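Here, each number is a calculation from the coordinates, and none is a lab measurement. Values in this document were obtained by computation on a predicted structure and should not be read as measured data. Don't worry about glycine lacking a Cβ; one is built from the backbone with ideal geometry, like all the others, and counts go over all protein chains shown.
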Amino acid sequence: MLKYDLAVVGGGPAGMAAALKAKECGVKKIIILERAETLGGILEQCIHTGFGLHYFGEELSGPEYAGRFIEQVRNTDIDVKTDTMVLDISDKNLITAVNKQDGLLHIDATAVVLAMGCRERPRGALSIAGTRASGIMTAGTAQKYVNIDGYMPGKKIVILGSGDIGLIMARRMTLEGAEVKMVCELMPYSGGLTRNIVQCLNDFNIPLKLSTTVIETHGKERLEGVTIAKVDEHGQVIDGTQEYVACDTLMLSVGLIPENELTKGIGVSLDPVTKGAVVTEMRETDHPGVFACGNVLQVHDLVDYVTMEAQMAGQGAASYIQDREVFENAEYISTSHGNGVRYIVPQKMNIRSKEDIKLYFRVGAVYKNAKVVLEADGTIISSKKKVKLAPGEMENVTVPADVIAKLTKDSTICVRVEESQ
Amino acid sequence: MCYDVAIIGAGVTGAMTARLLSSYKLKTVLLEKANDVAMGASKANSAIVHAGFDAKTGTLKSKLNVEGCRMMPEICRELSVPYKNNGSLVVAFSDEELVTIQELYDRGVANGVDRMEIIDQKKLRELEPNISPEAKGALLAASAGIVCPYELTIAATENAVSNGVAFQRNAGVTSVDDLGDFFRLHTAAGDVDAKYVINAAGCASDDIARLFGDDSFKLIIRSGEYYVLDRSVGNTVSHTIFQCPSAMGKGILVTPTVDGNLLIGPTATDIDDKENTATTAKGLETVRRLAMKSVPCVSTRDAITSFAGLRAHPTSDDFIIGISDANHRLINAAGIESPGLSSAPASAKMICEALFEAMGAEPAKNEAFNPIRKEPVRFRHLSDSEREKLIQENPAYGRIICRCETITEGEIIDSIKAPAGARDVDGVKRRTRAGMGRCQGGFCGSKVVEILARELDLPINEITKFGGGSNILFDKTK
């Protein structure tokens, strides 16, 4: 049995930032457990730029962004085990992991940070009818084939879903000489960042077909084509709009799901909307000493926000390890989401907190010239004008410390969208 | 060389027959048109061992089903194939259907099915709390079970090959010369000579029979669509839940699988194309709706995949097993639709009896025959100490490739190196479950491709999903 103050599950941007922050706060024995061969997580295959604008104030590629943290981790005494899969975390924070060198590892950790990231929704979850030909894959899998393995996963491509990975891959495959015929999006708006729609589709004349989905795949061995169709406001196919599109590859970018299998094993409560843990502003779950951050907690739009969130978790874990007083004296109220807001992270906030608390959220539809309203006990605390709000972009609003000071255990904190008249 | 017997088709019937023949002193070859075994109906069906009350009394279906159901647990033990005797329920939703289940009960008694019972609504709800409140009663058949059909086929083939049977993949038979003492089978993989042929070619068995001058039967191809639901809802029911049967089949069932998933389906649609395993929006919607009739809480939101399987429905409505009238060295094993899986152990026995009759005598026993197929390593089922030991012996068992199902690199290598082992991504998936979980190969798919390329010493872009032209990658990037 190995004994650590802090075990971080996942060595992507979230895990590394959490571990580094905890180290900075003075935590002594820290270990990062990473299932891939290297630290860096999914950033290693994201060779495009656009990372770091908020956190570093400069534009980096994924491996560059990750590299800065890998370098920092190397310069500390944080232990790192790569190619190591965590099999189980008990409700006593006992971790069982496995790798080739050590066989089974048993780790007793005072605190645990969950930073396992997320996975892509596969075809099966969509129930697209048709054959089971090769050439149907998630955009992230295709990204790995192109950027890591150096092979073309397709030449004539249709992309379903306008999530950021899908948009990025539309550009990537075009640059590699493939023909990206179109990006289809079930919703009447894109789920990706505006900048990606401009830079990855518009700049390459790739059509974005909104309110359109793929209803059938064709081809017995390799994919030969797909049938697309328009959908109405309920997502139902509009008969007569079916159209055959010849292609050898269908890439799916239809959503990300936090990888919370281990989290469930511990018995941590999950938020049905985020599919991540219910956490406090310290990013502590409802299981003492277990923290969560990054895409395993909520799917982020930008890695910069992942880093910032992971630092909160790292700091939280450090306090838990060093001085539990703040946890013992905490009094939590739930944050509530009103009109237009799908969820808020954190779901719970400590009204004894002496500091500002940032609430992160996403809206459920596209709004123009709307206001983001923060209310405490029914009183408007802030009302911020927004030219555009879209589901693809994460928003935040700050609850100031002086407002928190006045809250009681019966108080309510609510974020809502006020649409323009 | 000339084989004594060539079996055409490595589905569950062909594989079980090959295994049984390997217990005799015979030179046997198992020919498969696809890149792997179990590529037809044997990989895409309800995975049920039926009790045997469905088929009309006196038919081959009823006789072989009841016998096969009795033989299955022992055969699965020998082959280390997961089998569970979970029992089945045919649920009645109306007074008419209560009459139907009584008829099924009576037929079961006539067919020789034991351990059946008609149960009332109260007992039904005790057994299955999630069953529809509309359910009025059910026929409980305690002898029914569940088994993994492709694993059974894979294990039987492995065992047959270990006992001396030759296995040839990508060897679809295109034409036949009868040279008097033996047949010359022209296949995509070259000519194969054999004195006797067993036609176990599934949906193509009528076409194969015709190559031998036998046009005595015709098959109708019936497609059945299914959903596989996530393991998190795998215990929604514990029994296999049937609805009352109709002319087209046994209706939509809801059943746990031996791997812990929930399976719902199938539809029954007659189709023209023998290779059309496409699912349809209409079919999947029918499955969803009718599954909810039995078990209202079933939700296709939990679906991890869907698929369609093709059944070879004989116009005679019964299995066609026996010496062909057109050529007495041809033994047909055709029209094996449901309950073909349940019947397979008994069918293999009957097929061999027909073969021996054609040969004029039962051949000598193969004294070296070993009925046991060693259980493959299943890392996820092992205790910590077993895992420690395994990784010490071979570190490849310490590297997890498929996270959703906890499958190690060692298991994947084993599946490739096994007798008649995996040659493609789907083959690895069926043997190890790598890629069968909720992410459906999103993370491990590319790693499996790498391991296949390495172990088979092939360029990575020659690795296929399921043989033929189903390559996963094109050329190198610029």
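Below, the figures for the structure above:
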| read-out | value |
| --- | --- |
| Segment B:379-462, relative contact order [Cα under 8 Å, separation at least 6], % | 24 |
| Reduced Cα scattering model of segment B:171-310, Debye log10 I(q)/I(0), q = 0.20, 0.22 Å⁻¹ | -1.06, -1.22 |
| Relative exposure of A:Y189, B:Y150, judged by other C-beta atoms within 10 Å (fewest first) | A:Y189, B:Y150 |
| Per-residue average of Cβ from other chains inside 10 Å of A:97-104 | 6 |
| Mean Cα-pair separation over length for chain A, i.e. relative contact order, pairs under 8 Å, 6 or more apart, % | 15 |
| Helical mean residue ellipticity (222 nm; -39500 (n - 2.57) per DSSP H run of 4+; nearest 500) of chain A | -5500 deg cm²/dmol |
| Lysines whose Cα lies under 16 Å from that of B:K293, excluding same-chain neighbours fewer than 8 positions away | B:K136, B:K250 |
| Nearest-20 debye value, segment A:331-421 charge dipole, Cβ charges on Lys, Arg, Asp, Glu | 260 |
| Sorted by Cβ density within 10 Å, fewest first, the residues B:K429, A:K385, B:K447 | A:K385, B:K447, B:K429 |
| DSSP beta bridges in the protein assembly as shown [antiparallel fraction, %, rounded to 5] | 65 |
| Chain lengthening between B:K25 and B:D191 when straightened (0.36 nm per residue, less Cα-Cα) | 57.5 nm |
| Prolate/oblate/rounded call for chain B, Cα gyration tensor, a/c under 1.5 rounded | oblate |
| Rg/Rh ratio calculated on Cα atoms of the protein assembly as shown (Kirkwood radius) | 1.00 |
| Helix-derived mean residue ellipticity, 222 nm - over chain B, DSSP H n ≥ 4, -39500 (n - 2.57), to 500 | -9500 deg cm²/dmol |
| Chain B: relative contact order as a whole-number percent, Cα under 8 Å and 6+ apart | 20 |
| Diffusion constant of segment B:374-424 at 4 °C, which comes from Stokes-Einstein with the Kirkwood Cα-pair radius and 1.567 mPa s, µm²/s | 115 |
| DSSP-defined antiparallel bridges as percent of all bridges, chain B, nearest 5 | 75 |
| Rounded tilt (10° steps) of A:62-74 against the dominant C-alpha axis of chain A | 30 |
| Kirkwood estimate for segment A:41-163, i.e. one over the average of 1/r between Cα atoms, Å | 18.1 |
| Alpha-carbon Rg with Dmax, taken over segment B:1-150, Å | 18.7, 65 |
| Sum of side-chain charges, A:G265 neighbourhood, beta-carbon under 10 Å (Lys, Arg +1; Asp, Glu -1) | -2 |
| Shielding of A:222-231 by partner chains, average beta-carbon count, 10 Å | 1 |
| Estimated inter-spin distance, B:E126 and A:D323, nm [label 7 Å along Cα→Cβ] | 6.1 |
| Evaluated at q = 0.12, 0.14, 0.26 Å⁻¹: base-10 log I(q)/I(0), Debye formula over Cα of segment A:331-421 | -0.33, -0.45, -1.36 |
| Shielding by other protein chains, B:466-473, mean Cβ within 10 Å | 6 |
| In nm, spacing of pseudo-spin labels at B:E74 and A:K28 (7 Å Cα→C-beta vector) | 6.5 |
| GluC sites (Glu not before Pro) restricted to segment A:265-338 and DSSP loop, no more than 16 other C-beta within 10 Å | A:E331 |
| Most positive-pole-ward Cα, B:L390, B:A422, B:C439, against dipole of segment B:376-478 from beta carbon charges | B:C439 |
| Intensity falloff of segment B:23-74 expressed as log10 I(q)/I(0), Debye formula with alpha-carbon point scatterers, at q = 0.19, 0.24, 0.30 Å⁻¹ | -0.90, -0.96, -1.03 |
| Per-selection Kirkwood Rh - segment B:379-462 (Cα, Å, 1 d.p.) | 12.8 |
| Entries of A:K144/B:K417; A:K23/A:K406; A:K100/B:K447 with Cα pairs more than 24 Å apart | A:K144/B:K417; A:K23/A:K406 |
| Likely footprinting exposure, A:L105, A:L175, fewest C-beta neighbours within 10 Å first | A:L175, A:L105 |
| Rounded tilt (10° steps) of A:164-175 against the dominant C-alpha axis of chain A | 50 |
| Efficiency of FRET from Cβ geometry, A:T398 and B:I372, R₀ 60 Å, rounded to 0.05 | 0.35 |
| Percent of Cα pairs exceeding the 32 Å cut-off, where the set is chain A | 40 |
| Rounded to whole Hz, the Karplus (6.51, -1.76, 1.60) HN-Hα couplings of segment A:24-34, x for glycine and proline | 4, 7, x, 5, 7, 9, 10, 10, 10, 10, 10 |
| Estimated dipole of segment A:295-364 in Debye, rounded to 20 [Cβ of Lys and Arg +1, of Asp and Glu -1, Cα centre] | 260 |
| Lysines with Cα under 21 Å of A:K21, excluding same-chain neighbours fewer than 8 positions away | A:K3, A:K29, A:K81, A:K354, A:K358 |
| Rounded if a/c under 1.5, otherwise prolate or oblate - segment A:122-254, Cα gyration tensor axes | oblate |
